[in-house]
Amino acid sequence: MRINVIFEDRIGIAQEILQSLSRRSFNVTASEVDPPHIFLEVPELSASGFKLLTEELHSVKGVQSVQEVSILPGAQRRLYLDAIMASQADPLFAIDAKGDVAIANQAAIEASGMAANQLFGQPFQERIAMPDFMKLLTDHHFHLPIMEVEFNQERYLLEATQLREGNGQVAGALVTLHAYSRIGERLNALQHYASVGFETIIGTSPEITQLKERAARMALVEAPLMITGETGTGKELLAHACHDVSSRKLQPFFALNCAALPENLAESELFGYSPGAFTGALRGGKPGLLELADGGTVFLDEVGEMSPYLQAKMLRFLNDGCFRRVGSERELKVDVRIICATHRSLEDMTAQGTFREDLLFRLNVLNLHVPPLRQRQSDILLLTEAILKSACEQVRRPPMRLTPSAQKALLKNPWTGNVRQLKNVIFRAVTLCKGLVIDVHDLELAQTESGEAAASEDPVVSLDQAMADYEKSLLQRLFEEYPSSRKLAKRLNTSHSAISVRLRKYAIGS
């Protein structure tokens, strides 16, 4: 039984209380004095004995009450502290002023590869192979900014904060090792707080229905995926949806636009860099997206814009999952699925020598083609409704609606910028329209004299796209008469592999 004796503080009262238990031959296994309380653990004390002991303790001058408690406060604090330490997935170490490990959580013990009794008392700097760690720690008053270290042959980001005694004197430091996979999960949670899937791809047209069905099958396959389509069709949204229904859905998803960064920045973003790799680099180095996404997915948008040097480095990674950071000689290995996208014809680029053919074969194992908005007119008003609702919420306006003439204008517009252009048009109209009803003039589309959107304009975006549209139309028509890649290749007097690539690209016969 555990008891709490509340007393008036005076010299010698704690000793008199303990003498009362001694006279009854009770063994006190633990005691905590925190005036006006003295907590005692008496394993042999029964309920009847507690009643007699209470009467005797009340005879001690200054004792006010005797109560039974479930746990001693010190033991309760230790229990909660152990629970907090155990709940942390990152390795935590409490080191004393000499730099020796005093306490470690279970994650730290497992990361060390040692038994707890072997780890405790060991100099922490020996565990991370940094002979000057303690000097660095004391020079910074036991508080360090985040820096990269190696612990048991694994890379971590180390963070140290002071531990102080009640009188304010520094007693050591709490050291946290942040695993890159955990950092990636947290960054991913910040960037993608809402779960996405194929339900976010709006549309009921045959083209979108077929795309979703094909994508759902490919999402489950652990192989690189190539997504083609014009700018603004939603290739990244499709990539994220494929990730979200795959076996990697609980792991990070990161995207890199290869056209948005120069070669050196794209390389460091993707592969990371080691300490001192270049002027202006972070002191402790920086992990790249591949490290942060370990176990998850990296989406490379506009992969056709990747430089020849990066193409070679990416090819090496796709071969065995290994790469080196910028400025490092150390090989790193991660498990990442690559999904890439482009609006360009990579086959034509390989013929011109601007894109590596061997890399194309590695990336184009599975492929999806996102149709342009003009080829899925039945989805335009569905998309408009969803975009309109979102726009009203974002600019904090009451629900708005489109007039029939505005809807007609949207259906007739060529949408050369696809869904992105439609979104821009609707957001602009919601922002600038004075009322709650959006008419044709509020959309600010290119208008004819009759007030209707110009539907007769040539919808061709580029020569490449015009040729792709014709190629798709031709293959769809001939495939009905020659329903296999070999028959169709013979009919068109070309290779079987060339026809297979194009049939997959346009999702014909799948």
Handout entry: Single residue of region 39-89 satisfying the filter (of a type in the set (Asp, Glu) and in contact (Cβ under 8 Å) with a residue 24 or more places away in the chain) that is surrounded by the fewest Cβ atoms within 10 Å (Cβ to Cβ)
Key = Glu68
Exercise for the section: Output the residues belonging to region 49-103 that are more than 30 Å from Leu177 (Cβ to Cβ) and assigned to a helix (DSSP H, G or I). Expected result: Gly49, Phe50, Lys51, Leu52, Leu53, Thr54, Glu55, Glu56, Leu57, His58, Pro73
Problem - Selected residue [in contact with a Phe, Trp or Tyr (Cβ under 6 Å, 6 or more places away or on another chain) and small (Gly, Ala, Ser)] from Ala47, Ala104, Ala97 - result: Ala104
Handout entry: Qualifying positions in region 219-251 - open to solvent by 20 Å² or more (accessible area, probe 1.4 Å), part of a helix (DSSP H, G or I) and not acidic (Asp, Glu)
Key = Leu237, His240
Practice task
Count, please, the residues in region 161-180 that happen to be assigned to a strand (DSSP E or B) and in contact (Cβ under 8 Å) with a residue 60 or more places away in the chain.
Solution key: 11
Exercise for the section: Go over the candidates Ala129, Ala179, Ala115 one by one and state the one that is among the aliphatic types (A, V, I, L, M), open to solvent by 40 Å² or more (accessible area, probe 1.4 Å) and within 30 Å of Ala293 (Cβ to Cβ). Expected result: Ala129
Exercise for the section: Quick one: in region 401-421, of everything that is touching a Pro at 6+ places or on another chain (Cβ under 9 Å) and outside any helix (DSSP H, G or I), which residue is least open to solvent (accessible area, probe 1.4 Å)? Expected result: Trp415
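Residues checked against (1) assigned to a loop (DSSP other than H, G, I, E, B); (2) under 23 Å from Val370 (Cβ atoms); (3) of a type in the set (S, T, N, Q); (4) at pLDDT below 55:
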| residue | (1), (2), (3), (4) |
| --- | --- |
| Phe427 | no, yes, no, no |
| Val430 | no, no, no, no |
| Gly435 | yes, no, no, no |
| Ala455 | yes, yes, no, yes |
| Val460 | yes, yes, no, no |
Fill in the blank from the handout: Of (1) in contact (Cβ under 8 Å) with a residue 24 or more places away in the chain; (2) surrounded by 16 or more Cβ atoms within 10 Å (Cβ to Cβ), Ser31 satisfies every one except (1)
Problem - Subset of region 465-510 (residues that are surrounded by fewer than 16 Cβ atoms within 10 Å (Cβ to Cβ), touching a Leu at 6+ places or on another chain (Cβ under 8 Å) and basic (Lys, Arg)) - result: Arg491
Exercise for the section: Being farther than 18 Å from Leu270 by Cα and in contact with a Pro (Cβ under 9 Å, 6 or more places away or on another chain) narrows it down to one of Leu220, Leu177, so name that one. Expected result: Leu177
Practice task
Would you be able to say whether some residue in region 329-341 is under 20 Å from Thr233 (Cα atoms) and in contact with a Lys or Arg (Cβ under 6 Å, 6 or more places away or on another chain)?
Solution key: yes
Handout entry: Some residue of region 150-171 being open to solvent by less than 30 Å² (accessible area, probe 1.4 Å), in contact with an Asp or Glu (Cβ under 6 Å, 6 or more places away or on another chain) and farther than 29 Å from Leu250 by Cα
Key = no
Exercise for the section: May I ask you to list pairs of residues, at least six apart or on different chains, whose Cβ atoms are under 6 Å apart, with the first in region 384-404 being touching a residue at least 40 places away in the same chain (Cβ under 8 Å) and at negative phi and the second being surrounded by 15 or more Cβ atoms within 10 Å (Cβ to Cβ) and charged (D, E, K, R)? Expected result: Ile387/Lys423
Practice task
Would you confirm whether any residue within region 270-284 is at pLDDT 90 or above, buried (at least 20 other Cβ atoms within 10 Å of the Cβ) and at negative phi?
Solution key: yes
Practice task
State whether one or more residues within region 301-324 are farther than 23 Å from Cys242 by Cβ, in contact with a helix residue (DSSP H, G or I) (Cβ under 9 Å, 6 or more places away or on another chain), among the hydroxyl-bearing types (Ser, Thr, Tyr) and in contact (Cβ under 8 Å) with a residue 24 or more places away in the chain.
Solution key: yes
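The values are calculated or read from the model by the stated rules, or taken from the named source; none is laboratory data. Predicted, not measured: the structure shown is a model, and the values here were computed from it. Methodologically, a virtual Cβ is constructed for each residue, glycine included, from the backbone with ideal geometry; neighbour enumeration extends over all protein chains shown. Just the protein is used for accessible areas: all its heavy atoms, side chains included, with ligands, DNA and RNA removed. Shrake-Rupley method; radii C 1.70, N 1.55, O 1.52, S 1.80 Å.
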